[in-house]
C-alpha cells in the first residue's frame, strides 16, 4: 500500500527546488569548510599566504612544515570557496588584502577564524542538544568544549578592541567619568577581553570582571597579568544576579544579556549596584523587532548560535526566560524597564551589534 505524503511532486516548482538544492550544497561545503578554516588558522596556512604569498602548494607546505598533498587539496577547497585566490598560469595561491583582513589579521574587527572555532566546537554538543529538544531542559555554558570559550574570545575580542571606546563615548557623560576615575563592572566577562580593554583605556578607573564560569575567570586573570593591568582590574566568580559591589558608574554586558535565565531579575540587580547617575551598557547582536526582518545571513547565524548555545544556557538557569540572541530592541527594552529602569535608548550600532544605554 502506497504511503500518502504531504509533498506532491506534481506541485513542485523546479526552479525553487533547484535553488534550495543549490543552497544545501553551499551549506554542505560550508559545514566541511569550518574545520578546514580552523586548520588553516592553527597551522599558520593563512598567515604564511599573507606573509610570503602567492605560493604554490609545495612552497606553502615548506613554509608551514606541513604535507604538500594535504595542503594542495586544502588550497583548492579554499579557492573554490573564495577564501584564497588562484592564478592558473603560475599555479600559485594568495590572499587579497580583504581576504587577509578576514583570515590572517587577528586584530581585525572582522577576523573570522575564531568564529569558525566557536561554531565548530559548539556543534559538538549536538547529542545533548537533541535530547534537550525532547525534554525542554537546558544546557549550561560551562558544559561546552573549551574551544567554545576560546573561539568566543577570538571572535568578539577584536571588535571590542575596534569599537568599545566609541560605544562608551556614545553614552551620556560616561567617558568623562571614567577618564576622571570611575568604577566599572563588566558582567559576563568571559576571558576578559572587554574588561581589559576598558582598564587600558581608563587607567584611573577600577574595573571588575564578573562571570559564573570559574575556568574563564582564571584565563581572564592570566590575560590581565600579561597585558599589565592586573593592578587596576579584578575578577570575580559570580552570577549576573548576585555579583558584589555598589555605586558603579558603568555596568557593561557584552553579548550575554540574552543568555541570562532571569534577565528581569538581572536588570533589577544591576539597578541596585549602579550609582545614582550610573549607566548600564548592553551590547547585543544586531536584530530587528520582527522575525521576518531577521531572515538574513546574519540573522540566520545568530538564530543558529542561539539555538545551540544561548537559549539552552538560559533554559539551564532559574526562571529560564529564553530571551534569545535575536530579541531585538523592543523586547530588550521591555525586560530592562520591567527590571526597574526608566531610561532606555539605542546609543550606537554596527552591522552586527546593537548598543543600548539604560539608566535608573
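Just so you know, all these numbers are worked out from the coordinates, no wet-lab data involved. These numbers were taken from a predicted model, which means no experiment stands behind them. Backbone-built Cβ (ideal geometry, glycine too); neighbour counts: all protein chains shown.
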What distance in nm separates the two pseudo spin-label positions at residue 91 and residue 67, each 7 Å out from Cα along the beta-carbon direction?
2.0
For labels at residue 105 and residue 292 in the simple 7 Å Cα→Cβ model, what's the distance in nm?
3.9
Just the Cα atoms of the chain, one point each, no solvent: what log10 I(q)/I(0) does Debye give at q = 0.07, 0.13, 0.14, 0.15 Å⁻¹?
-0.36, -1.07, -1.19, -1.30
I'd like the orientation of helix 126-135 relative to the chain: the angle between its Cα long axis and the longest Cα principal axis, in ° from 0 to 90, rounded to 10.
60
If you restrict to DSSP beta bridges whose two residues both lie in the chain, what percentage is antiparallel, to the nearest 5?
45
Over the stretch 259-359, relative contact order from alpha-carbon pairs under 8 Å, at least 6 apart, %
43
For residue 277 and residue 169, extending 7 Å from Cα along the Cα-Cβ vector and measuring point to point gives, in nm, a value of 2.2
Just to confirm my numbers, what's the Cα centroid distance between the stretch 260-337 and the stretch 178-217 in Å?
20
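Need one word for the stretch 23-177: rounded, prolate or oblate. Basis is the Cα gyration tensor (sqrt eigenvalues a ≥ b ≥ c); a/c below 1.5 gives rounded, then a/b vs b/c decides.
Values: a/c = 2.46, a/b = 1.30, b/c = 1.90.
Oblate, since a/c reaches 1.5 and b/c is not below a/b.
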For the chain, find the longest principal axis of its Cα atoms and tell me its angle to the long axis of helix 14-42, 0 to 90°, nearest 10.
70
Mean-square fluctuation maximum in Gaussian network of the chain, Cα pairs under 10 Å, restricted to 176, 107, 19, hits 19
Have a look at the stretch 29-103 and give its Rg and Dmax from the Cα atoms, expressed in angstrom.
10.9, 30
Can you sort 12, 196 so the residue with the fewest Cβ neighbours within 10 Å comes first?
12, 196
Helix-only [θ]222 nm of the chain, DSSP H runs n ≥ 4, -39500 (n - 2.57) each, per residue, nearest 500
-15000 deg cm²/dmol
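Below 8 Å between Cα atoms, with a sequence gap of 6+, how large is the relative contact order for the stretch 143-238 in percent?
Details: 139 pairs, mean separation 24.5, N = 96.
Relative contact order of the stretch 143-238: 26 percent.
For 152, 296, 352, which order do you get if you count the other beta carbons within 10 Å of each Cβ and list the fewest first?
Ascending number of Cβ neighbours within 10 Å: 296, 352, 152.
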Tell me, 24, 57 in order of fewest to most beta-carbon neighbours within 10 Å?
24, 57
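Could you tell me the convex hull volume per residue, in Å³, taken over the Cα atoms of the stretch 248-316? Provide the component values of the computation, followed by the final result.
Details: hull volume 6.5 nm³, N = 69.
So the per-residue hull volume is 94 Å³.
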With just the Cα atoms of the stretch 169-316, tell me how far they stretch along each of the three principal axes, in Å, largest first.
45, 34, 27
